[in-house]
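The values are calculated or read from the model by the stated rules, or taken from the named source; none is laboratory data. Quick caveat, the model's predicted, so the values are computed rather than measured. Ideal geometry is used to build each Cβ from the backbone, glycine not excepted, and the neighbour counts take in all protein chains shown. Just the protein is used for accessible areas: all its heavy atoms, side chains included, with ligands, DNA and RNA removed. Shrake-Rupley method; radii C 1.70, N 1.55, O 1.52, S 1.80 Å.
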Amino acid sequence: MQMSNRFPRTRRDVGGDLTRAHALLVQAGLIRQVSPGIWTLLPDGWKVLRNIHQIVFDMMESVGVQNVQLPILQSCDLWEQSGRWQKYIDTKTMFTTSEYHYDAEYGLAPTAEEVVSFTVAGEIESWRDLPVILHQIGPKFRDEIRPRLGLLRGREFYMSDAYSFDRDEEGMRASYQKMKELYPRIYERLGIHKLQAVEASSGDIGGKGSVEFMALNEEVGEDLLMACDECSYGANTEVSAGNVGDVCHECKIGTFKEVRGIEIGHVFQLQQTYSKSMRVTFRDENDTEQFAWMGCYGIGTSRLIQAIVDQNHDDDGIVWPESVAPMFAHIVPVNWKDETQRALAQELYAACQDANIRTMIDDREESAGLKFKDADLLGYPYRIVVGRDAGKGLVEVRNRKTGDVENLAKEHVVKWLKERAPQ
Ligand SMILES: [Zn+2]
């Protein structure tokens with residue numbers, strides 16, 4: 001990609017009272033608001049989201065979870081079967097729409113327990129068909145009364161949601177445990193390094209036994225938590241697990257402190273709530289009909305874009321983790337009008353393209369200072385500066401995160417980048 005073609009331009013000043021991460025996403029041109037809580041993801045934003053999704057899909061598959069795509073437009077009949085249609089209307093949570101040929105009602109999925117239960121109920125017959133865990137990533141809709149904080153509280157957003165079906169309570173707990181252990185590994189790979197698992201009140205999903213995962217954030221944390229400073233234990237202050245300074249009852253070593261966070265995931269044991277209302281049954285070894293035991297698991301993937309930036313930026317801009325960065329290398333010729341610099345920059349750009357390294361080249365006739373400022377703002381992991389040593393075939397590579405600088409001969413650049421690229 002050439003900087004001269006990049007859509008959109010970067011912005012210096014975004015005005016308004018935005019949080020730092022929100023402002024950076026607007027300045028760097030990743031997101032634009034269309035209506036309250038409704039966003040367009042621009043090329044870099046969409047690329048980051050696709051990178052997040054690929055990691056989530058791959059890690060789900062690595063533990064035997066199977067990826068599917070459930071419909072977003074969901075018939076009122078299904079939601080009436082679970083008894084949630086009226087509830088979601090009364091609480092003004094769900095967007096609904098009419099079908100005009102037969103005057104039928106539909107909801108735009110805020111969650112998918114009904115549809116996934118319907119799907120699994122139609123396929124399983126015996127205990128041998130269980131367990132099964134299905135996972136999807138897709139848009140979700142929620143009628144937020146006051147959308148705010150950029151991608152954190154939107155009306156349309158992306159979620160990864162998984163649902164487990166087991167033959168008994170023990171099986172449900174095992175599936176739940178598997179997902180509970182997988183989630184922190186996913187967050188770590190995405191660059192969320194300040195994470196807190198929290199015992200949550202389970203809201204209206206209708207189960208007991210749940211954990212929320214919070215990206216710690218002092219600036220916009222929506223929820224106040226009591227968290228142990230030694231182990232990973234934390235609790236919502238509503239749950240009243242203790243007071244500041246109390247010794248942690250999990251590890252008996254740390255003490256509680258107050259922290260704020262952004263919810264980026266949750267895992268629930270649903271028990272048999274939906275399998276009973278949606279009739280998800282199977283035959284056990286004695287040929288007796290039994291209801292399946294379910295769990296559900298969610299990761300807010302579009303809000304993760306903002307949570308990742310929140311934990312990965314500095315005074316100059318975004319510092320993308322390599323795993324999700326929209327571009328990996330950023331070639332900046334100091335002076336585009338200098339023929340030697342321009343030729344070397346173009347040669348390196350072509351070599352990176354051939355090696356499948358996602359690369360930006362700044363081909364604008366702008367000052368070096370402005371180009372460096374943009375490179376810092378965009379936050380791609382490795383900058384390759386082509387300057388006065390271009391004639392000797394030397395460039396400077398700079399790590400956006402550490403600021404470490406190395407001088408490399410042009411022949412070594414691709415190999416050097418390849419060694420650092422995510423697998
Ligand atoms: Zn502890």
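For residue 355, the test of being open to solvent by 10 Å² or more (accessible area, probe 1.4 Å), more than 30 Å from the chain's Cα centre (by Cα), more than 17 Å from residue 317 (Cα to Cα) and of a type in the set (A, V, I, L, M, F, W, C) is failed.
Within region 392-407, the set of residues being under 18 Å from residue 322 (Cβ atoms) and in a strand (DSSP E or B) comprises 397, 398, 399, 405, 406.
Candidates in region 377-396 are the residues that are in contact (Cβ under 8 Å) with a residue 24 or more places away in the chain and surrounded by fewer than 16 Cβ atoms within 10 Å (Cβ to Cβ); of these, the one that is nearest to residue 329 (Cα to Cα) is 393.
Of the numbered criteria (1) within 28 Å of residue 358 (Cα to Cα); (2) over 18 Å from the mean Cα position of the chain (by Cα); (3) hydrophobic (A, V, I, L, M, F, W, C); (4) open to solvent by 50 Å² or more (accessible area, probe 1.4 Å), the one residue 72 fails is (1).
Assessment of region 40-57 against the conditions (touching a residue at least 12 places away in the same chain (Cβ under 8 Å), more than 26 Å from residue 323 (Cβ to Cβ) and not in a helix (DSSP H, G or I)) yields no matching residue. If you go through region 213-233 and keep only what is open to solvent by 10 Å² or more (accessible area, probe 1.4 Å), more than 16 Å from the ligand (Cβ to nearest atom) and of a type in the set (A, V, I, L, M), you end up with 220, 224.
Of all residues in region 397-417, exactly one satisfies the criterion of being open to solvent by 40 Å² or more (accessible area, probe 1.4 Å), closer than 25 Å to residue 317 by Cβ and in contact (Cβ under 8 Å) with a residue 24 or more places away in the chain, namely 401. Contact map, region 156-174: first residue modelled with pLDDT under 95, second residue among the hydrophobic types (A, V, I, L, M, F, W, C), Cβ cut-off under 7 Å, separation 6 or more or different chains; the map is empty.
Applying the criterion of being more than 10 Å from the ligand (Cβ to nearest atom) and part of a strand (DSSP E or B) to the residues of region 234-260, the residue that is modelled with the lowest pLDDT is 236. Put simply, of 263, 347, 285 the only residue that is open to solvent by 10 Å² or more (accessible area, probe 1.4 Å) and either assigned to a strand (DSSP E or B) or within 16 Å of the ligand (Cβ to nearest atom) (or both) is 263. Scanning region 288-334 for residues that are free of Cβ contacts under 8 Å to residues at least 40 places away in the same chain and not in a strand (DSSP E or B) yields 288, 315. The set of residues in region 120-152 that are in contact (Cβ under 8 Å) with a residue 40 or more places away in the chain, in contact with a helix residue (DSSP H, G or I) (Cβ under 8 Å, 6 or more places away or on another chain) and open to solvent by 60 Å² or more (accessible area, probe 1.4 Å) contains only 131.
When region 312-336 is limited to residues that are open to solvent by 30 Å² or more (accessible area, probe 1.4 Å) and farther than 16 Å from residue 44 by Cβ, the one that is nearest to the chain's Cα centre (by Cα) turns out to be 314. Among the strands (runs of 3 or more DSSP E) confined wholly to region 121-199, which include 2 or more residues that are polar (S, T, N, Q)? In region 121-199, 156-166 are the strands (runs of 3 or more DSSP E) which contain 2 or more residues that are polar (S, T, N, Q).
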